[in-house]
1. Could I have the simple spin-label model distance between TYR118 and ALA80, label points 7 Å from Cα toward Cβ, reported in nm to one decimal?
2. Using a 1.4 Å probe on the protein heavy atoms, what percent of the accessible area of the range 11-171 belongs to carbon and sulfur?
3. For helix 17-27, report the angle its Cα long axis makes with the longest principal axis of the Cα atoms of the chain; keep it between 0 and 90° and round to the nearest 10°.
4. Under 5 Å between amide hydrogens, which residues at least 5 positions from HIS119 or on another chain qualify, with H placed 1.01 Å from N in the peptide plane?
5. How high is the relative contact order of the chain, in percent, counting Cα pairs under 8 Å that sit 6 or more residues apart?
6. Explain nothing, just compute: Karplus ³J(HN,Hα) = 6.51 cos²θ - 1.76 cosθ + 1.60, θ = phi - 60°, for every residue of the range 71-82 in order, whole Hz, x for Gly and Pro.
7. Could you give the angle, 0 to 90 degrees to the nearest 10, between helix 51-64's Cα long axis and the longest principal axis of the Cα atoms of the chain?
8. How much area per residue is accessible in the range 11-171 when the probe is 1.4 Å and only protein heavy atoms are counted (Å²)?
Amino acid sequence: MAIDGFVCWTAHAVDDSAELRRVLDAQLPAGSRAVADAQSAGLLEGTRLRAPGLAAAHEFAEQSGLPMSGPTDAIADFTALLDGLDTAAEEGRRFEPDAIPEGFESITPSIDRYDRSYHTVNVAKEYPSGATVELNYRSRDPSHGEERKPNVSNGILWLRGTDAAYEHHTEWEER
């Protein structure tokens, strides 16, 4: 994760793809290859950070003590929620409200397809910088009549009001 985190942290700071490759070639033995590795891992789209890439960049910044530009409180909360969704998916269980950082308030979802008759978690937080983090999550039972199926969890997580907006969609079958 350290090299991926460094690549993502650098991509967060450097907008130009040629400059990003030049910086990484100077810093890493497999510099430009590191961008391709981060892309295949789903952290970058081209040289633009995807939601997991933002989380990797933030984690690298925290571990290394390096500054990270942008609304760091919003990025930290976004990363915590992303980690909570990933953990629930890996464990095949519902996302539980105890994974939500402090300061989030219940909201009406910004997308109306999340029917409140299911187990839902719809929260958002606005930050003084103008950034917003929003999570719309639900666990639903796709069974019909006598046919029993495991519940399906899905969530959408947004970070808005920053230099780049991030959106993360995930879905998994509960065990």
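The values are calculated or read from the model by the stated rules, or taken from the named source; none is laboratory data. Keep in mind the model is a prediction, meaning the values are calculated, not measured. Neighbour counts are summed over all protein chains in view; Cβ atoms, including those assigned to glycine, are modelled from backbone coordinates with ideal geometry. These accessible areas exclude ligands, DNA and RNA; they are computed on the full protein's heavy atoms, side chains included. Shrake-Rupley method; radii C 1.70, N 1.55, O 1.52, S 1.80 Å.
1. 2.6 nm
2. 45 percent
3. With rounding to tens, the tilt is 70 degrees.
4. Here the answer is SER139, since their amide H atoms fall under 5 Å of that of HIS119.
5. Contact order relative to length: 17 percent.
6. x, 4, 5, 5, 5, 5, 5, 4, 5, 4, 5, 4
7. 60 degrees
8. Solvent-accessible surface per residue comes out at 53 Å².
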